[in-house]
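There's a structure below that I have some questions on.
The values are calculated or read from the model by the stated rules, or taken from the named source; none is laboratory data. Remember, predicted model here, so these are calculated numbers, not experimental data. Because the Cβ atoms are built from the backbone with ideal geometry, glycine has one as well, and the counts that use them run over all protein chains shown. Areas reflect the complete protein model, heavy atoms only, side chains present, ligands, DNA and RNA absent. Shrake-Rupley method; radii C 1.70, N 1.55, O 1.52, S 1.80 Å.
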Amino acid sequence: MSFCGNCGKQLADGARFCPGCGTKIVSLEKPAASPATPPAAQQGGAYGAGQNAPQQSPASFPPPPGIGGQQQPGFGGGQQQPGYGGGPQPPYPYQPPYGGGGAPQPEELRAMLLTYQGRLNRKPYILYSVGIWFLMLILNVVADVLGDSRSSVALLVAFALYLAVLALCVPSVMLTIRRWHDLGKSGWFTLLSLIPVVNFFVEIYLWAAPGTAGPNAYGEDPLTYRR
């Protein structure tokens with residue numbers, strides 16, 4: 001049952017106008033809702049037609065290859081690559097040749113300059129002999145300059161330099177003895193270096209003559225490991 005909102009007269013069912021005042025009746029009833037249709041099935045596979053892919057947590061993703069010593073295919077037939085997590089490291093490919101390299105160690109210098117046993121071939125004999133000769137020359141020049149000074153300190157330094165020059169004669173003699181051994185001769189031939197004029201030709205002979213091939217009475221051939 002409904003009534004007119006203007007004059008309050010009772011209205012019949014389905015009336016569009018009020019019979020008392022003629023006002024148009026406005027219906028306040030809600031329209032019936034249409035039945036809901038089910039959604040159409042999605043096509044296109046597991047993730048096709050706009051369907052969202054399943055979410056994964058960061059912990060479920062596998063670590064990238066090469067981290068933590070993981071195996072990385074495609075390099076060397078799937079060999080294990082060293083990573084940042086303490087994986088096995090490859091050995092350094094370079095190995096120093098026989099005799100080491102770089103600056104000589106103190107033990108090597110003592111074995112070279114302070115012994116008369118064994119043999120010494122031409123190359124190290126020439127290098128060490130020339131080095132000692134230049135060092136003695138420099139010390140002599142400095143000592144001569146300081147010797148002309150009237151300062152007592154300068155004179156003491158000059159005297160110490162002269163002693164150093166005399167000390168350098170010891171390794172020079174040791175080198176010469178071992179060079180004679182390499183030639184298969186006694187170290188007493190070193191005394192020939194004390195004879196004027198003769199010592200010049202003796203030095204040329206020591207620089208130019210090749211040593212005895214193979215071992216001799218004074219030791220093994222120093223060139224054995226280089227052949």
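With each pseudo-label sitting 7 Å past Cα toward Cβ, what's the Arg150-Leu194 distance in nm, one decimal?
Placing both labels 7 Å along Cα→Cβ, they lie 4.1 nm apart.
Quick check: at a probe of 1.4 Å, how many percent of the accessible area of region 126-224 sits on carbon and sulfur atoms? Write down the numbers at each step before the final one.
Working: 4760 of 6180 Å².
Percent of accessible area from carbon and sulfur atoms in region 126-224: 77.
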